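**Student:** So that we are looking at the same thing, I have put the structure below in structure tokens.
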């Protein structure tokens with residue numbers, strides 16, 4: 001009995017601490033050998049927004065250790081200064097198997113093409129995201145981050161994204177950056193095949209969508225808008 005009470009106190013404390021789990025790619029190469037990884041802006045901008053809103057952050061990758069950063073997302077000197085704390089946190093991430101959804105208020109998945117090569121096919125990542133959904137907790141992802149959702153099913157076996165309004169890196173944007181031929185699949189197309197209603201805007205313009213506990217953004221420029229929607233969703237839960 002005492003053990004059960006202590007477990008309840010621990011779970012309550014974790015919720016009261018206001019914590020967000022950030023699930024990040026660990027893939028540093030595409031199948032053609034070209035470097036890839038996390039798109040830094042999509043981590044750093046939401047990270048600062050969450051911290052400023054009073055949330056503690058835990059960062060996980062499939063195997064832990066340093067998270068690879070896509071060299072194409074190299075920050076400007078001003079961005080590097082503003083994102084220093086976030087970048088330091090990426091140098092030592094927690095292995096994904098060491099966390100559970102019960103410990104956090106929400107999960108946020110930044111993109112970078114790396115997600116297409118590991119999280120999109122990772123059973124452990126899919127199971128973790130399913131746990132957040134089963135507990136009714138917000139799930140947010142931006143740009144290629146929604147690729148981590150394609151293998152996730154709800155408790156009834158239907159795809160998590162089926163029947164949901166979403167945003168994600170579009171097929172047109174993939175072609176614009178000339179990486180459509182290098183991807184294992186086109187994200188917008190795959191989400192539509194799974195039954196999602198993908199809302200798109202002009203290439204590289206800000207666009208974020210909320211449908212219940214699912215929050216998604218279209219591209220790097222949408223990082224702030226996506227994190228804002230997540231913070232709003234978390235504020236509603238507290239009320």
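The values are calculated or read from the model by the stated rules, or taken from the named source; none is laboratory data. Everything numeric here is computed off the predicted structure, so don't read it as measured data. Neighbour counts run over all protein chains shown; Cβ positions are idealised from the backbone, glycine included.
**Student:** Modelled with pLDDT of 95 or more, in a loop (DSSP other than H, G, I, E, B) and within 26 Å of residue 79 (Cβ to Cβ): which single residue out of 179, 230 fits that description?
**Tutor:** 179
**Student:** Working carefully through the options 168, 140, find the one that is closer than 20 Å to residue 114 by Cβ and assigned to a strand (DSSP E or B).
**Tutor:** 140
**Student:** Report, by residue number, each residue of the range 44-70 that is in contact with a helix residue (DSSP H, G or I) (Cβ under 6 Å, 6 or more places away or on another chain) and under 11 Å from residue 112 (Cα atoms).
**Tutor:** The answer is 69, and nothing else.
**Student:** Still on this structure: Select from the range 71-120 the residues that are buried (at least 16 other Cβ atoms within 10 Å of the Cβ), part of a helix (DSSP H, G or I) and out of contact with any helix residue (DSSP H, G or I) (no Cβ under 8 Å at 6 or more places or on another chain) and list them in ascending order.
**Tutor:** 113, 114, 117
**Student:** Take the range 130-151 and flag every residue that is out of contact with any strand residue (DSSP E or B) (no Cβ under 6 Å at 6 or more places or on another chain), surrounded by 24 or more Cβ atoms within 10 Å (Cβ to Cβ) and under 16 Å from residue 62 (Cβ atoms).
**Tutor:** 144, 147, 149
**Student:** Shifting gears a bit: Residue 194 is checked against (1) surrounded by 13 or more Cβ atoms within 10 Å (Cβ to Cβ); (2) farther than 30 Å from residue 34 by Cβ; (3) touching a residue at least 40 places away in the same chain (Cβ under 8 Å) and fails just one. What number does that condition carry?
**Tutor:** All conditions are met except number (2).
Okay, residues lined up against (1) out of contact with any helix residue (DSSP H, G or I) (no Cβ under 9 Å at 6 or more places or on another chain); (2) under 18 Å from residue 45 (Cα atoms):
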| residue | (1), (2) |
| --- | --- |
| 173 | no, no |
| 187 | no, no |
| 191 | no, no |
| 195 | yes, no |
| 199 | yes, no |
| 205 | no, yes |
| 209 | no, yes |
| 219 | no, yes |
| 228 | no, yes |
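**Student:** Checking residue 156 against (1) under 17 Å from the mean Cα position of the chain (by Cα); (2) under 24 Å from residue 198 (Cβ atoms), only one condition comes out false. Which one?
**Tutor:** (1)
**Student:** Could you list all residues from the range 202-212 that are in a loop (DSSP other than H, G, I, E, B) and crowded, with 18+ Cβ neighbours inside 10 Å?
**Tutor:** Start the filter on the range 202-212 by keeping residues that are in a loop (DSSP other than H, G, I, E, B), which leaves 202-207, 212.
Hit for the range 202-212 is 207, nothing else.
**Student:** Is one or more of the residues making up the range 143-153 over 14 Å from the mean Cα position of the chain (by Cα), free of Cβ contacts under 8 Å to residues at least 40 places away in the same chain and not in a loop (DSSP other than H, G, I, E, B)?
**Tutor:** Yes - at least one qualifying residue is present in the range 143-153.
**Student:** Could you please give the count of residues in the range 213-227 that are in a helix (DSSP H, G or I) and within 13 Å of residue 145 (Cβ to Cβ)?
**Tutor:** The number of residues fulfilling the criteria is 5.
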